[in-house]
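Below you'll find the structure, written out as structure tokens, and then a few comments.
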């Protein structure tokens, strides 16, 4: 099925439109239905694959194969409530669907025509079950541009992508045949890199386009390393073709015939979807030689990461593609002039690329109007941690943290208090409650000591110890430091050691000063982005949660009750002297006579809290 | 030209220069550690990883720190090399390095000659805010030549670069990551179990005590102090042009007489000259050249350099018949010392202890090769480097600079100009050509100077006409250059008849055992000049005209390549694995 | 995890992989190591040496790469591979305690394999199932909302022949 020209592609698009008709129909009274089952990793983990098989089995068994089809699609985003299915065209959104529900979905809903009440979402703001996603506050403030096809199309079917205007942007660009216009349009759109730093994408393309050289490369950075983020994975799993199409546009713009997608080997599903998509695109003549008969050649190769966070850093990533250790190098000249194998190279993140085809279809002005003055468009966040609606959300730039956390995210579960939001992962910082009304932009987040990062947003509540959170990130950074430059190799280790000392109650005020000084030097003097941002979790917690540090250092207390060494396990006067605690204590540090109040020897106590569990009258507590 | 401001001074400088280059040209010192640029060797180690050279720059978008060694200047750039921010960063980085460095400077071989120590001192580091875990990997003392103390490694990667990029031996790689990163061998094998050639170039660029030579100092003092032993010392051609540097002399001086006097003061019973052995080597090697010329089994490769020999054994095992079978000069000299000389003086050879002073650490390994012995007696018993000799002279309380010149002992002390130039790349080839041409032309060659094969280039070549014969020769120094020639030989594309190879770039004057040059390669050039001066001032400049050499053939060895010569002066090589399974 | 074939067949497979794709030199190293580990289950010394010779890359370089990337393992993995997600989303919900629980139940540290080769315990960073946090994956099976007290019960599903081992 080779598509030989732009005209043929446009024709094919029109021909394939009916594929999505059910899903796009706004009011439909027919009997035909399509059931879209979330095939993202989150729902997959919660047996959505079995659910899909079960639905397909029931469709056959109940004899409605003519009328209804069940298909896998990309992430709906509402992972907390997965597995999720959406039934079109009546647009019913079911949550927490189990394979065992397949039978009644077909019987009651598809055949019987009445939606199943207990699979519907209970919208907390109105305390009512709602049928469609549009009625859910989780979706109300979202705007899905990068995720536009996730949950709509079958990612393993190129026809559905083409039906959704897929590859029409590439066709438009090839038809116009003006590389300089391509980068200009992107500059005009205001799109900035979604990998973290927010460099204007158009300028990057422009610089690589202008760089001298016969051989140039484009790279898609899919080495999503933030340990709380899964935006790129979901995009690749849900809409792989949009990334391929954007890479081809980039190739055309800068004058490259080779693209690489560098992806974590830990993402088997995304890799599979990409492989399928590349094979389909090649077969269709949308990748390879003489694309759409225009003479433009472009091929894409997948390169696998092998477990190194630092490879998300552009220069380290290039080293890794070259087959070496992923050690960053000093950018004496920019990669746009000398990057992969010393050739001009343009690297873009997955989410950045996913935005690009639709920007070309709708125009720079359309995109330019979304977002704020400094940051255009939308941003996808992986919302996690202590939040009710864990999931993937896409919001216009300028949305406030409060809107994301409390309206979209539904707030903090279990009636706990919000303490902070963490963005930017190990490179970012914590954002305290006082900044909840900050509109999200690249600059505004940096101003409050964090950063946009790739889109991880972890919510913390009063049960999280901020010193411990800083330590968690530093442990990560130390493990992932490539070891090349001194500040990162030794400096982050020393930071971690000091934090460890503090959580063990051995910290001093001098340590806090050293933490601050060392953090600033690591920030200024490290070789790459990983090192330069590694101290951010420390600096931001030191700044906004200094009282927690002081409590650890001066009072030797952990206010959140997390740091074990700072706990004191004590027996109150509720004690009935049953001796159970003394018998279970592994270090024999509990003493007392029968029927008398027992005492814990604090020097010997290892805080295992076995006694607390053993006590029949809850007389043992931690302070 | 670009205009920049460094520390308030307006400067015009060439575009494409780094801040470091421009600053040092204008007298602003920026400390460096990992950075090492040896232009003449096409070697520039610039991982930009130590972060010692951070300076504050402003290009109109606010100030930031940047590594001076790898940042180009730009128009209007304002640089402050000594801002408080830059100095604070540098000091912190130094403290961090020291917080993971053994605090045993007092006992370290590199003490007072260590780049890290010097830098810490000049940065006024008097205490350290940081302490914590330290690397604890212990020392690799497996090899006969090099001690590797990974705990002292600061990961500057100079060793890795020189071993991989210049020498193409590729022993080292960064291993593991994060704090656990080390510059190690595959599987952390001990050096003995790798194809390391022990050329010692890694030692010579190491800024700390992480790579040092195996010391033979104590065992030599013990022998000197043992009345039963006859301790004979011999000194290589390149030592005399470098030893003075250890005592503050300007590089490029020749201090043969002081060196001999010093060795006598130390208590060596006989002070001989490896240059004599070099003349002997030429007799055997030139003879082999002529023989193989007649047999048509050229090319022939020189075999004086043990690092190079180990290189071919590992990397080109199929070619081990190509090098000359001649032992290296000090091994020949050792063998003669324990036979001819012993007989002459009526000393039991078992009582003789031969010490070689060499510019080289591979010679230590070479001396321990089993086959380099006669009747089960090792030709050479101990080898010290130029550096170790200097340390022994200091230890003995000898005021080197005040010593009056003395002469080598006889009969193994007289040498020619041909022997002197063994110390520089191309020298062995030139010496062999002098003798071969002398023999083939009945000493009527027009000149003794073969200037085409002199100089610091990595590969030099020349075509010579001797009688009707057109002889194509080449000299390569540095194992990377050697590899290029060997690959040609292996591919059957070689056009040369005689090839000299030295493992160290520039030859023995830049050997792994020479005084540290701390990156100043102009010192090497000066040593080279000194070598050729010695040659120029010698009355006799051809090995076959050395009267003591003529005498030993008359009295003892009969003729070059003769039966006894073969027994004492020739050796054989082994095929070795390149990768240990 | 490791292949059940004998070594020789694996080497033939690996050769085929390399030759079919015409892989040579440094740029294909990581790709070949992935395949080698896929075939053999891990990357023992002789396999690294084999790859170095085959691709004509210095062995030190190969070893440097193998020890850089956590995905590559120099030791064989256990019959069951336990991956505890230590991504931030799981961490703030107590994944560290879950990990401690696995460590004490199995008497090994993360990254290690039990002496009987039954279990390998490893940490992963975000598996993208934050809705289920804390998440543990054993082989292919995903366990969501795991608390430290659940660990013992989960492990019981995988302990085979416990009784025979005890009597033996």
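The values are calculated or read from the model by the stated rules, or taken from the named source; none is laboratory data. The shown structure was predicted, so the numbers you read here are calculated from the model rather than taken from an experiment. Cβ: placed from backbone, ideal geometry, glycine included. Neighbour counts: every protein chain shown.
Looking only at the range B:288-308, which residues are part of a helix (DSSP H, G or I) and without any contact (Cβ under 8 Å) to a residue 60 or more places away in the chain?
B:292, B:294, B:295
So residue A:30 passes all but one of these: (1) assigned to a helix (DSSP H, G or I); (2) under 25 Å from residue A:112 (Cβ atoms); (3) out of contact with any strand residue (DSSP E or B) (no Cβ under 8 Å at 6 or more places or on another chain). Which condition number does it fail?
For residue A:30, the failing item is (1).
Table: residues versus (1) surrounded by fewer than 24 Cβ atoms within 10 Å (Cβ to Cβ); (2) farther than 22 Å from residue B:575 by Cβ; (3) outside the structural domain of residue B:477 (by TED's automatic domain parsing).
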site: B:305; (1), (2), (3): no, no, no
site: B:308; (1), (2), (3): no, no, no
site: B:337; (1), (2), (3): no, yes, no
site: B:357; (1), (2), (3): no, yes, no
site: B:364; (1), (2), (3): no, yes, no
site: B:368; (1), (2), (3): yes, no, no
site: B:371; (1), (2), (3): yes, no, no
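Residues A:369, A:388, A:376: which one is more than 16 Å from the chain's Cα centre (by Cα) and within 30 Å of residue C:145 (Cα to Cα)?
A:388
Keeping to the range C:59-70, report how many residues are closer than 21 Å to residue A:478 by Cβ and facing chain A (nearest Cβ under 8 Å).
5
Tell me, which residue of the range C:71-97 that is under 21 Å from residue A:304 (Cα atoms) and buried (at least 19 other Cβ atoms within 10 Å of the Cβ) is nearest to the other protein chains (Cβ to nearest Cβ)?
Within the range C:71-97, the match that is nearest to the other protein chains (Cβ to nearest Cβ) is C:87.
Does residue B:173 satisfy being within 27 Å of residue B:315 (Cβ to Cβ), surrounded by 22 or more Cβ atoms within 10 Å (Cβ to Cβ) and not assigned by TED's automatic domain parsing to the domain that holds residue B:484?
Taking the combined requirement at face value, the residue satisfies it.
Condition first: in contact with a strand residue (DSSP E or B) (Cβ under 6 Å, 6 or more places away or on another chain) and more than 10 Å from chain A (Cβ to nearest Cβ). Can you find one or more residues in the range B:91-111 that meet it?
Among the residues of the range B:91-111, at least one is in contact with a strand residue (DSSP E or B) (Cβ under 6 Å, 6 or more places away or on another chain) and more than 10 Å from chain A (Cβ to nearest Cβ), which makes the answer yes.
Can you name the number of the only condition in (1) within 13 Å of residue A:536 (Cα to Cα); (2) modelled with pLDDT of 95 or more; (3) within 14 Å of chain B (Cβ to nearest Cβ) that residue A:467 fails?
(3)
Hey, does the range B:174-182 have a residue that's touching a residue at least 12 places away in the same chain (Cβ under 8 Å) and either closer than 25 Å to residue B:423 by Cβ or more than 14 Å from chain A (Cβ to nearest Cβ) (or both)?
Looking for residues that are touching a residue at least 12 places away in the same chain (Cβ under 8 Å) and either closer than 25 Å to residue B:423 by Cβ or more than 14 Å from chain A (Cβ to nearest Cβ) (or both), one finds none in the range B:174-182, hence no.
Look at residue B:83 and say whether it is modelled with pLDDT of 95 or more, within 14 Å of chain A (Cβ to nearest Cβ) and more than 30 Å from residue B:208 (Cα to Cα).
Against the criterion (modelled with pLDDT of 95 or more, within 14 Å of chain A (Cβ to nearest Cβ) and more than 30 Å from residue B:208 (Cα to Cα)), residue B:83 does not qualify.
Pull up the range A:413-426, narrow it to residues that are within 12 Å of chain C (Cβ to nearest Cβ), out of contact with any strand residue (DSSP E or B) (no Cβ under 6 Å at 6 or more places or on another chain) and assigned to a helix (DSSP H, G or I), then point me to the one that is farthest from residue A:452 (Cα to Cα).
Ranking the qualifying residues of the range A:413-426, first place goes to A:414.
Residues are listed down the side, and each one gets a yes or a no for (1) part of a strand (DSSP E or B); (2) crowded, with 23+ Cβ neighbours inside 10 Å:
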{"residue": "B:10", "(1), (2)": "yes, no"}
{"residue": "B:23", "(1), (2)": "no, yes"}
{"residue": "B:29", "(1), (2)": "no, no"}
{"residue": "B:33", "(1), (2)": "no, yes"}
{"residue": "B:40", "(1), (2)": "no, no"}
{"residue": "B:44", "(1), (2)": "yes, no"}
{"residue": "B:50", "(1), (2)": "no, yes"}
{"residue": "B:56", "(1), (2)": "yes, no"}
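Taking the range A:320-349, which residues are without any contact (Cβ under 8 Å) to a residue 12 or more places away in the chain and either under 17 Å from residue A:193 (Cβ atoms) or more than 10 Å from every other protein chain (Cβ to nearest Cβ) (or both)?
A:338, A:342, listed by residue number.
Kindly indicate whether residue A:457 is part of a loop (DSSP other than H, G, I, E, B) and either buried (at least 24 other Cβ atoms within 10 Å of the Cβ) or touching a residue at least 12 places away in the same chain (Cβ under 8 Å) (or both).
No: the conditions fail for residue A:457.
It is to be established whether one or more residues within the range B:186-198 are touching a strand residue (DSSP E or B) at 6+ places or on another chain (Cβ under 8 Å) and within 14 Å of chain A (Cβ to nearest Cβ).
There is at least one residue in the range B:186-198 that is touching a strand residue (DSSP E or B) at 6+ places or on another chain (Cβ under 8 Å) and within 14 Å of chain A (Cβ to nearest Cβ).
Could you list all residues from the range B:334-369 that are assigned to a loop (DSSP other than H, G, I, E, B) and under 18 Å from residue B:307 (Cβ atoms)?
Within the range B:334-369, B:359, B:360, B:361, B:368, B:369 qualify.
Over 30 Å from residue A:459 (Cβ atoms), more than 10 Å from chain A (Cβ to nearest Cβ), in contact (Cβ under 8 Å) with a residue 40 or more places away in the chain and surrounded by fewer than 24 Cβ atoms within 10 Å (Cβ to Cβ) - does that describe any residue in the range C:127-145?
Taking every residue of the range C:127-145 in turn, at least one turns out to be over 30 Å from residue A:459 (Cβ atoms), more than 10 Å from chain A (Cβ to nearest Cβ), in contact (Cβ under 8 Å) with a residue 40 or more places away in the chain and surrounded by fewer than 24 Cβ atoms within 10 Å (Cβ to Cβ).
Out of the range B:348-361, which residues are touching a helix residue (DSSP H, G or I) at 6+ places or on another chain (Cβ under 8 Å) and farther than 24 Å from residue B:255 by Cα?
Residues satisfying the conditions are B:348, B:349, B:352, B:353.
Regarding the range A:189-201, can at least one residue be identified that is crowded, with 18+ Cβ neighbours inside 10 Å and under 21 Å from residue A:296 (Cα atoms)?
The answer is no; no qualifying residue exists.
Restricting to helices (runs of 4 or more DSSP H) lying wholly in the range A:179-247: which have 2 or more residues that are in contact with a helix residue (DSSP H, G or I) (Cβ under 8 Å, 6 or more places away or on another chain) and within 14 Å of chain C (Cβ to nearest Cβ)?
In the range A:179-247, A:231-238 are the helices (runs of 4 or more DSSP H) which contain 2 or more residues that are in contact with a helix residue (DSSP H, G or I) (Cβ under 8 Å, 6 or more places away or on another chain) and within 14 Å of chain C (Cβ to nearest Cβ).
Can you tell me which condition residue A:297 does not meet? The list is (1) more than 20 Å from residue B:47 (Cα to Cα); (2) within 14 Å of chain C (Cβ to nearest Cβ); (3) touching a strand residue (DSSP E or B) at 6+ places or on another chain (Cβ under 9 Å), and all the others hold.
(2)
Having 1 or more residues that are under 19 Å from the mean Cα position of the chain (by Cα) is the bar; report the helices (runs of 4 or more DSSP H) wholly within the range C:57-125 that clear it.
By residue number, C:59-68, C:95-106.
Could we say that residue B:165 is touching a residue at least 60 places away in the same chain (Cβ under 8 Å), surrounded by fewer than 22 Cβ atoms within 10 Å (Cβ to Cβ) and part of a helix (DSSP H, G or I) here?
For residue B:165, the condition - touching a residue at least 60 places away in the same chain (Cβ under 8 Å), surrounded by fewer than 22 Cβ atoms within 10 Å (Cβ to Cβ) and part of a helix (DSSP H, G or I) - is met.
Restricting to the range A:117-133, name every residue that is without any contact (Cβ under 8 Å) to a residue 40 or more places away in the chain and either assigned by TED's automatic domain parsing to the domain that holds residue A:397 or outside any helix (DSSP H, G or I) (or both).
Once the filter is applied, which keeps residues that are without any contact (Cβ under 8 Å) to a residue 40 or more places away in the chain and either assigned by TED's automatic domain parsing to the domain that holds residue A:397 or outside any helix (DSSP H, G or I) (or both), the range A:117-133 yields A:120, A:122, A:123, A:125, A:126, A:127, A:128, A:129, A:130.
Within the range A:505-519, can you find the residues that are more than 8 Å from chain B (Cβ to nearest Cβ) and within 15 Å of residue A:489 (Cα to Cα)?
If the condition is that a residue be more than 8 Å from chain B (Cβ to nearest Cβ) and within 15 Å of residue A:489 (Cα to Cα), then A:519 is the only one that fits.
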